[in-house]
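Worksheet: the structure to be examined is printed underneath.
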Amino acid sequence: MTTPECRLYLITPPVIEDLAGFGHALAQALDAGDVAALQIRLKDQPEAVIAAAVDVIAPIALSRQVAVILNDRPDLALKLGCDGVHIGQDDMPIAQARKLLGPHRMIGVTCHDSRHLAMEASEAGADYVAFGAFYPTATKEAKTRAEPDILSIWQETMETPCVAIGGITVDNCRPLVEAGADFIAVSAGVWAYPKGPAAAVRAFNAEIQKGLAARA
């Protein structure tokens, strides 16, 4: 994930009951349009469940040049051969995660609505920082609400890429693109899209292009 203008960053549903079915839907979604990364986010699931998901999901993503990011667990990301990890403020410190994962795997850090936390993460070597939630979300309990101008200010002052996350849909993503997000992170906005995940990816990419045109 090099610094782009703006790209889509998918996050899995919090529970995947049918791995084979999800793999099929994922393949269709990734074939429908540009996706930079896929975060496997299975909170509080046993290690065996996460490993089984990675076994199915990672080859589908990697064959399409989509980076595979594991949520929360740097140790498991290393063990399972993921491209990187996404950590929260209550997870392993970034310095410890970097020491574990080495220089080449990606580390993203949740920074809520705080430029201070984001600057600390950037200085510690984060490959990207994530701001949010920007909108109400049912995927996880959002601790903070971020405003789009945090993305604009970040772009003006820092080089580390920023991810916008939290309640993002096809209908509300464009202001975040216009504000300066490098990545738009989406879970339910794709998997629960009425016309299906593939249609969602196409629609998101269309809105991203409109947002970039307005940003130019």
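Can you give the local net charge around Leu78? Use residues other than it whose beta-carbon is closer than 15 angstrom to its beta-carbon, Lys and Arg +1, Asp and Glu -1. It would help to have the intermediate numbers written out before the result.
On the way: positive: Arg73, Lys79, Arg98, Lys99, Arg105; negative: Glu47, Asp72, Asp75, Asp83, Asp91.
Computed value for this residue: 0.
Would you tally the net charge around Leu212, using a Cβ to Cβ cut-off of less than 13 Å, leaving Leu212 out, and scoring K and R as +1, D and E as -1?
So the environment of Leu212 carries a net charge of -1.
I want to verify the translational diffusion coefficient of the stretch 101-216 in µm²/s; compute it with Stokes-Einstein, Rh as the Kirkwood radius over Cα pairs, at 4 °C and 1.567 mPa s.
89 µm²/s
May I ask for the distance between the Cα centers of the stretch 105-154 and the stretch 55-72, given as a whole number of Å?
Using only Cα atoms to place each centre, the spacing works out to 22 Å.
Using DSSP to call loops (not H, G, I, E or B), can you name the trypsin sites (Lys or Arg not before Pro) in the stretch 60-109 whose Cβ has at most 16 other Cβ atoms within 10 angstrom?
Passing sites in the stretch 60-109 are Arg64.
Can you tell me how much longer the chain between Glu17 and Ala51 gets when fully stretched, taken as 0.36 nm per residue apart minus their C-alpha distance, in nm with one decimal?
Details: separation 34, 0.36 × 34 = 12.24 nm, distance 1.41 nm.
Result: 10.8 nm gained on full extension.
Charges at C-beta only: +1 for Lys and Arg, -1 for Asp and Glu. How large is the resulting dipole of the stretch 7-215 about its Cα centre, in Debye rounded to 20? If you can, show how the numbers build up before the last one.
Working: 18 positive and 25 negative charges, 59 e Å.
For this selection, approximately 280 debye.
Work out how much length Arg215 to Arg64 would gain on full extension: take 0.36 nm times their residue separation and subtract the Cα-Cα distance, in nm to one decimal. Walk me through the numbers on the way to the answer.
Values: separation 151, 0.36 × 151 = 54.36 nm, distance 2.80 nm.
Extra length available between Arg215 and Arg64 comes to 51.6 nm.
Tally Lys and Arg at +1 and Asp and Glu at -1 over the other residues with C-beta under 15 Å from the C-beta of Pro194: what net charge comes out?
On the way: positive: Lys195, Arg202; negative: Asp171.
Charge balance near Pro194 sits at +1.
Per 10 Å bin, what percent of the C-alpha pairs of the stretch 7-215 does each bin hold, from zero upward?
With a bin width of 10 Å, the distribution comes to 9, 37, 39, 15, 0.
Quick one: length gained pulling Lys79 to His116 fully straight, 0.36 nm per residue minus the C-alpha distance? Working shown, then result.
Details: separation 37, 0.36 × 37 = 13.32 nm, distance 3.14 nm.
Residue separation times 0.36 nm, minus the Cα-Cα distance, leaves 10.2 nm.
For a label point 7 angstrom out from the Cα of Arg145 toward its Cβ, which stretches of the stretch 94-125 have the backbone nitrogen within less than 15 Å?
So the set is 113.
What FRET efficiency comes out for Asp34 versus Met158 if R0 is 22 angstrom and r is the Cβ-Cβ distance? Round to the nearest 0.05. Walk me through the numbers on the way to the answer.
On the way: r = 24 Å, r/R0 = 1.09.
That pair, Asp34 with Met158, gives E of 0.40.
From Cα pairs below 8 angstrom and at least 6 apart in sequence, can you work out the relative contact order of the stretch 2-49, rounded to a whole percent? List each step's numbers first, then the result.
Details: 32 pairs, mean separation 27.2, N = 48.
Over the stretch 2-49, the number comes to 57 percent.
I'd like to know which of Cys111, Ala188, Thr144 lies farthest towards the positive end of the charge dipole of the chain, counting +1 on Cβ of Lys and Arg and -1 on Cβ of Asp and Glu.
Ala188
Relative contact order for the chain: what percent, with Cα pairs under 8 Å and sequence separation of 6 or more?
Values: 427 pairs, mean separation 46.5, N = 216.
With pairs under 8 Å counted, the relative contact order is 22 percent.
Under the rule that an exposed site lies in a DSSP loop and has at most 10 other Cβ atoms within 10 Å, name the longest stretch of the chain with no GluC sites (Glu not before Pro) of that kind, not counting the sites themselves.
Numbers: sites that count: Glu17, Glu141, Glu159.
Result for the longest clean stretch: 18-140.
Residues with amide H under 5 Å of Gln39's amide H, sequence separation 5 or more or different chain, H placed in the peptide plane at 1.01 Å from N; which?
When sequence neighbours closer than 5 places are left aside, the close amide H contacts are Leu10, Ile11, Thr12, Ile69.
Would you list the membrane-span-like helices of the chain, meaning whole DSSP H runs whose alpha-carbon atoms span at least 15 Å along their axis and whose mean Kyte-Doolittle value is at least 1.0? Walk me through the intermediate numbers first.
Numbers: long enough: 19-31 (18 Å, 0.80); 47-62 (21 Å, 2.01); 197-215 (26 Å, 0.13).
The answer, listed by residue number, is 47-62.
Just for the Cα atoms in the stretch 1-88, what are the lengths along the principal axes, largest first, rounded to whole Å?
The principal-axis extents, from largest down, are 35, 28, 19 Å.
At Ala124 and Ala138, where each label point lies 7 Å from the Cα along Cα→Cβ, what is the point-to-point distance in nanometres?
3.3 nm
Coordinate-derived values only; no laboratory data. Since the structure is predicted, the reported quantities are computational estimates derived from the model, not experimental observations. All Cβ positions, glycine included, derive from the backbone under ideal geometry; neighbour counts span all protein chains shown.
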